[in-house]
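To start, the structure under review is shown below, and the notes come after it.
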Amino acid sequence: MIGKEIIENEPIPSAKVKEILEEFSNEHELNYEQNLTLNHLSRFKKYSVEDTEEIMEKLKEAFPNLRDRVVVHIVDLVPKDLADLRLIFAKEPYQPTKEEMEQILEILEQYDILE
């Protein structure tokens, strides 16, 4: 695209995206893509924004080798078991041990999931 430049690229959890879109929709009309995104985000189970931020901090502290993108995937996808978690790490250079994956699941279980 002419005249377009990426200034910053940062993974954002879906709970935060939903919050941003809801705030934006209070003052402006959402376009088609924004409306689809908001509808999509409303359908899936997720953590609250506060819980999402806490979980991300805990995961980054406990596992400094995890990339931000992977941490966001873990929080967004809400894995329930080791098999789900292995899928998230399938193409990642850092492969956690079974004990580390169990520790990740324990961190996630400490928080309530919104329906």
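The values are calculated or read from the model by the stated rules, or taken from the named source; none is laboratory data. Everything numeric here is computed off the predicted structure, so don't read it as measured data. For neighbour counting, all protein chains shown are included, and Cβ atoms are generated from backbone atoms with ideal geometry for every residue, glycine included. In case anyone asks, the SASA skips ligands and DNA or RNA and just uses the protein heavy atoms, side chains included. Shrake-Rupley method; radii C 1.70, N 1.55, O 1.52, S 1.80 Å.
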Handout entry: Single condition Pro11 does not satisfy, out of (1) in a helix (DSSP H, G or I); (2) within 14 Å of the chain's Cα centre (by Cα)
Key = (1)
Exercise for the section: Select from the stretch 17-46 the residues that are closer than 19 Å to Arg69 by Cβ and touching a helix residue (DSSP H, G or I) at 6+ places or on another chain (Cβ under 6 Å) and list them in ascending order. Expected result: Lys18, Leu41, Lys46
Completion exercise
Checked the stretch 68-91 for anything of a type in the set (Gly, Ala, Ser) and either within 9 Å of Pro13 (Cα to Cα) or not in a helix (DSSP H, G or I) (or both); matches are Ala90
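Yes or no, residue by residue, for (1) open to solvent by 70 Å² or more (accessible area, probe 1.4 Å); (2) in a helix (DSSP H, G or I):
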site: Asp51; (1), (2): no, yes
site: Leu66; (1), (2): no, no
site: Pro96; (1), (2): no, no
site: Glu99; (1), (2): yes, yes
Handout entry: Residues satisfying the stated conditions in the stretch 18-48, i.e. within 28 Å of Ala90 (Cβ to Cβ), of a type in the set (A, V, I, L, M, F, W, C) and either touching a Pro at 6+ places or on another chain (Cβ under 8 Å) or part of a loop (DSSP other than H, G, I, E, B) (or both)
Key = Phe44
Handout entry: Residue check, Leu59 aliphatic (A, V, I, L, M), open to solvent by 100 Å² or more (accessible area, probe 1.4 Å) and modelled with pLDDT of 95 or more
Key = no
